[in-house]
Structure formats: structure tokens, C-alpha cells
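The values are calculated or read from the model by the stated rules, or taken from the named source; none is laboratory data. Since the structure is predicted, the reported quantities are computational estimates derived from the model, not experimental observations. For neighbour counting, all protein chains shown are included, and Cβ atoms are generated from backbone atoms with ideal geometry for every residue, glycine included. Quick note on the areas: whole protein, heavy atoms, side chains included, nothing else; ligands and nucleic acids left out. Shrake-Rupley method; radii C 1.70, N 1.55, O 1.52, S 1.80 Å.
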Amino acid sequence: MSDQRVPAQSDRSDPAPYDALLLLSFGGPEGPDDVVPFLENVTRGRGIPKERLKEVGQHYFMFGGVSPINDQCRALLAALREDFAAAGLDVPLYWGNRNWTPYLTDTLREMVRDGRRRIAVLATSAYASYSGCRQYRENLADALAALEAEGLAVPRVDKLRHYFNHPGFLEPVIDGVIASLAGLDESVRAGAHLAFTTHSIPDAAADTSGPVGDHGDGGAYVKQHLDAARLVADAVRERTGHDHPWQLVYQSRSGAPHIPWLEPDICDHLEELHKTGAPAVVMVPIGFVSDHMEVLYDLDTEAAAKAAELGLPVRRSATVGADPRFAAAVRDLLLERAASERGATVERCALGALGPSHDVCPVGCCPARSERPAAAGADSPYA
């Protein structure tokens with residue numbers, strides 16, 4: 001990959017001042033009885049009737065009421081433990097979720113009782129947005145407030161930077177695209193289009209994503225996805241010799257019809273590609289860290305059915321998941337931040353035009369829908 005790169009320091013090995021790493025994720029049901037309670041957690045405060053939640057939960061019931069995201073977190077934790085051990089890095093690993101067990105507050109309580117006082121946090125979201133960054137910071141603030149109310153020591157938490165352009169995230173994506181292209185019939189392979197997919201969010205949320213300087217049409221959310229997709233498409237061209245047309249598209253819209261959300265939807269995009277004579281498509285879920293429910297249903301089920309209806313050959317490439325290169329990238333992000341916190345001059349590993357993201361979210365970054373405290377940022381009440 002020939003784009004600008006800031007190399008990582010090869011001699012970084014000290015995790016101080018951090019005494020633990022917390023994997024912070026969305027959570028998901030692990031059986032049919034969990035589905036509605038899980039969705040109640042996700043939609044709390046929106047007044048959605050239980051009967052409507054049962055309808056929404058059909059996606060989960062199709063898969064036995066089990067979301068794969070928790071098992072994927074377990075797999076990533078195992079990969080991180082293996083990588084850390086091989087690198088001689090003795091940092092305890094914990095896991096907490098926003099919407100299901102193990103709940104974030106319970107995990108932080110356990111960490112405090114284990115004596116952890118300075119915690120690095122990896123969120124399973126690679127990009128800047130309210131739901132992918134600030135909402136996790138709000139969750140952290142809520143959990144810390146709960147510990148404070150219980151009279152427990154409140155630890156310092158620092159969220160690791162966005163990693164959408166870290167080579168340890170992008171290289172597995174590139175390999176997945178190349179493998180998917182190889183799975184297409186040779187007669188359509190060279191002309192296949194790449195549809196880079198990510199979660200649709202309201203236009204207003206996209207426009208205010210990232211620091212204030214990035215606010216505008218699509219904000220940092222769209223800008224970061226476009227840069228990552230461009231890096232992948234360029235690498236695929238370099239390695240295969242074929243210049244595949246590509247576009248960033250969206251999936252999993254869940255908002256009211258009258259509110260503008262990012263478009264086009266992946267199914268609409270497949271229809272348009274079919275009309276214009278595209279011979280095949282590889283769907284690349286670049287916006288997702290793992291094959292959770294929205295990937296399995298919206299792409300593998302719904303979009304795949306649309307492609308079959310159109311007679312359009314389609315493949316879906318793999319997400320990063322627990323790839324060892326991603327585990328190594330997490331270690332790099334942790335040690336990079338640790339060195340920075342110790343006051344060292346840090347070289348940061350990043351590809352593409354945007355460079356490495358900020359360590360500390362500034363004031364006004366991905367603003368909240370309503371004013372709420374958020375930890376691990378310049379406006380944190382728990383600095």
C-alpha cells in the first residue's frame with residue numbers, strides 16, 4: 001500500500017500508565033428469551049411498544065435468537081491474549097457491553113475491585129460518529145457515575161483512537177476482497193464492482209461527526225469511510241492488476257422515513273448496478289469490525305436475496321474479526337497511547353490522506369442528541 005504512512009515505533013513495549021485494557025462493544029442476545037429484553041435496552045427511552053420490538057426481533061429469531069457479536073468479542077479477546085503473550089505484554093483484558101451481558105458498569109466495578117486505576121478502552125467501532133464514539137463515551141460516564149455513587153474509586157479511562165486507517169485493520173479487509181473476487185466466475189471477475197458498505201446514520205449525525213473542523217457534508221464519518229475504501233480499492237488494483245469500480249453505500253437504516261439518512265442503500269445500489277450492466281459485485285462491509293447481526297441479515301440474507309432476484313453474481317467479503325493482524329494493531333494502539341501519555345514523542349501508524357486520528361475527542365466532537373456527560377474526552381467530568 002503506497003499511501004502516506006506514519007510507521008509505528010518498533011521499540012515500544014511499556015504499557016504504563018495503563019494497568020488494563022477494556023474491550024467495549026454493543027452486545028447482543030444469546031438466546032430467544034434474550035431478544036426482546038436486549039432490544040428494550042437498545043431502544044430505552046424511545047417508547048417503542050413490546051409488540052413492535054418482537055417484530056424487529058425477527059431478524060434475531062431467524063438465527064435462533066443469537067447474535068454472533070458476543071462470540072466474536074470472545075474470539076477477539078482470545079486473539080488479543082495470544083498476541084499480548086507472544087509480545088511479552090502483561091496487560092489484563094476485560095470486556096463490557098453497552099446493551100447486554102457482560103454490562104459495562106459490572107465490568108468496570110470488577111476492574112476497580114481488581115485494583116485497576118488507569119484503563120485503556122478499545123471500542124468495536126473504527127470510525128467517528130455519535131453512535132460509534134461519543135455514545136460509548138457517554139456509556140463510560142454513566143458507568144463511572146454509578147461507581148462513584150456506590151462509593152468506589154473512579155478509575156481514569158482513555159479511549160484508544162479511531163483505527164479505520166491502521167494497516168492492521170485494512171490488510172485483512174484487502175485480503176477478504178481479493179478472496180471474494182477469486183470466488184467469482186472468471187468470466188465476471190475482472191469487471192466486478194466493489195460496494196463498500198457501512199451503517200447508515202442520519203444526515204445530521206454524519207454532518208456533525210468528528211471534530212468541529214470536520215463538520216459539514218458527511219463530516220468525518222463519510223470522509224473516513226471514503227479514505228479507507230479508497231485505500232482498499234487501490235491495494236486490490238495493485239495486487240490483482242484490475243481496476244474495479246467502487247462506491248461507498250449504506251445499510252441497516254432504522255429511522256423514521258421523514259428523517260434523511262445516508263444513501264444509497266445497498267439493495268438500491270445492487271439494482272442500479274444491474275441496470276447499468278455490472279457483471280458482478282463484491283460487498284465489502286468496511287464499516288464493521290465483525291460479522292454481527294446486521295452483516296448476517298442485511299448483507300448475507302437481504303442483499304444476497306436481492307442479488308439473486310436480479311441474477312447478479314455477488315460475494316460478501318470478510319470483516320476483520322479476530323484476525324491476528326488486527327490483534328497486533330490493538331497492541332500497537334495501546335502502546336502508542338501509553339508512550340504518548342508518558343510524554344514521549346510518538347510515531348503513529350496510519351495509511352491514507354487523513355493521517356492518525358486524535359487521542360482525545362475535543363469539545364464539540366460528534367455532539368450528543370441531548371446534553372449528556374461523556375468520559376474520555378476534553379469535556380469529560382472524569383479527567
*Among DSSP beta bridges lying fully in region 175-271, give the percent that are antiparallel, nearest 5.*
10 percent
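Using per-residue counts of other Cβ atoms within 10 Å, averaged over each peptide, order 305-311, 279-285 from highest down.
279-285, 305-311
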_Vicinal HN-Hα couplings computed from phi for region 144-153 (Karplus, 6.51 cos²θ - 1.76 cosθ + 1.60; Hz; Gly/Pro x)_ = 5, 5, 5, 5, 4, 5, 7, x, 8, 5
*Which log10 I(q)/I(0) values, to two decimals, does region 148-236 give at q = 0.12, 0.14, 0.25 Å⁻¹ under the Debye formula with one point per Cα?*
-0.56, -0.69, -1.22
*Once amide H atoms are built 1.01 Å from N in the peptide plane, which residues 5 or more positions from Gly218, or in another chain, come under 5 Å H to H?*
Asp207
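Taking the solvent-accessible surface of protein heavy atoms with a 1.4 Å probe, what is the per residue accessible area of region 244-297 in Å²?
Numbers: 2270 Å² over 54 residues.
Result: 42 Å² per residue.
So, for region 1-125, what is the accessible surface per residue at a probe of 1.4 Å, expressed in square angstrom? Please report the intermediate quantities before stating the final value.
Values: 6100 Å² over 125 residues.
Value for region 1-125: 49 Å² per residue.
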*Shape of region 303-383 from its Cα gyration tensor (a ≥ b ≥ c, root eigenvalues): rounded if a/c is under 1.5, otherwise prolate when a/b > b/c, or oblate?*
oblate
*Using the alpha-carbon centroid of each, what span in Å lies between region 82-106 and region 12-70?*
17 Å
_Residue by residue through region 271-279, what is 3J(HN,Hα) from phi via Karplus (6.51 cos²θ - 1.76 cosθ + 1.60, θ = phi - 60°)? Round to whole Hz and write x for glycine and proline._
4, 5, 4, 4, 4, 8, x, 4, x
*Post the alpha-carbon centroid distance, region 236-278 to region 355-378, in whole angstrom.*
29 Å
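Which net charge results for the neighbourhood of Asp298, defined as the other residues with beta-carbon distances under 11 angstrom from its beta-carbon, given Lys and Arg at +1 and Asp and Glu at -1? Spell out each step's value before the answer.
Values: positive: Arg253, Lys306, Arg316; negative: Asp265, Glu294, Asp300, Glu302.
Charge balance near Asp298 sits at -1.
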_Charge dipole (debye, nearest 20) of the chain; +1 at Cβ of Lys and Arg, -1 at Cβ of Asp and Glu_ = 600 debye
*Show the residues, 5+ positions off or on another chain, whose built amide H is closer than 5 Å to the amide H of Val249.*
Phe196, Thr197, Thr198
_Taking only Cα atoms of region 31-177, what ratio of Rg to Rh do you get with Rh as the Kirkwood inverse-distance radius?_
0.99
*Report in % the part of the accessible area of the chain that belongs to carbon and sulfur, leaving out ligands and nucleic acids; probe 1.4 Å.*
50 percent
*Treating the Cα atoms of region 213-260 as identical point scatterers in vacuum, please give the log10 of the normalised Debye intensity I(q)/I(0) at q = 0.27, 0.29 Å⁻¹, two decimals.*
-1.02, -1.07
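By the gyration tensor of its Cα atoms, with a ≥ b ≥ c the square roots of the eigenvalues, what is the shape of region 163-287: rounded for a/c under 1.5, prolate for a/b over b/c, or oblate?
Numbers: a/c = 2.57, a/b = 1.42, b/c = 1.80.
Oblate, because a/c is 1.5 or more while a/b does not exceed b/c.
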*Taking a probe of 1.4 Å, how large is the accessible area per residue of region 311-363, in Å²?*
37 Å²
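Using DSSP to call loops (not H, G, I, E or B), can you name the trypsin sites (Lys or Arg not before Pro) in region 35-129 whose Cβ has at most 12 other Cβ atoms within 10 angstrom?
Values: sites: Arg44, Arg46, Lys50, Arg52, Lys54, Arg74, Arg81, Arg98, Arg109, Arg113, Arg116, Arg117, Arg118; in loops: Arg44, Arg46, Arg98, Arg116, Arg117.
Within region 35-129, the qualifying trypsin sites (Lys or Arg not before Pro) (loop, at most 12 other Cβ atoms within 10 Å) are Arg44, Arg46.
Is the C-alpha gyration tensor of region 212-354 telling us rounded, prolate or oblate? Criteria: a/c under 1.5 is rounded; beyond that, a/b larger than b/c is prolate, otherwise oblate.
Working: a/c = 1.97, a/b = 1.65, b/c = 1.19.
Because a/c hits 1.5 or more and a/b exceeds b/c, region 212-354 counts as prolate.
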*Go through region 96-101 residue by residue and turn each phi into a ³J(HN,Hα) via Karplus (6.51, -1.76, 1.60, θ = phi - 60°); whole Hz please, and just put x for glycine and proline.*
x, 10, 6, 10, 7, 5
_Along each principal axis, Cα extent of the chain, largest first, Å_ = 63, 53, 39
*Under 5 Å between amide H atoms, partner at least 5 residues away or on a different chain: which partners does Met283 have, H built in plane at 1.01 Å?*
Ala195, Arg315, Arg316, Ser317
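Can you give the convex hull volume of the alpha carbon atoms of region 273-350 per residue, in Å³? List each step's numbers first, then the result.
Numbers: hull volume 9.3 nm³, N = 78.
Cα-based convex hull of region 273-350, divided per residue, equals 119 Å³.
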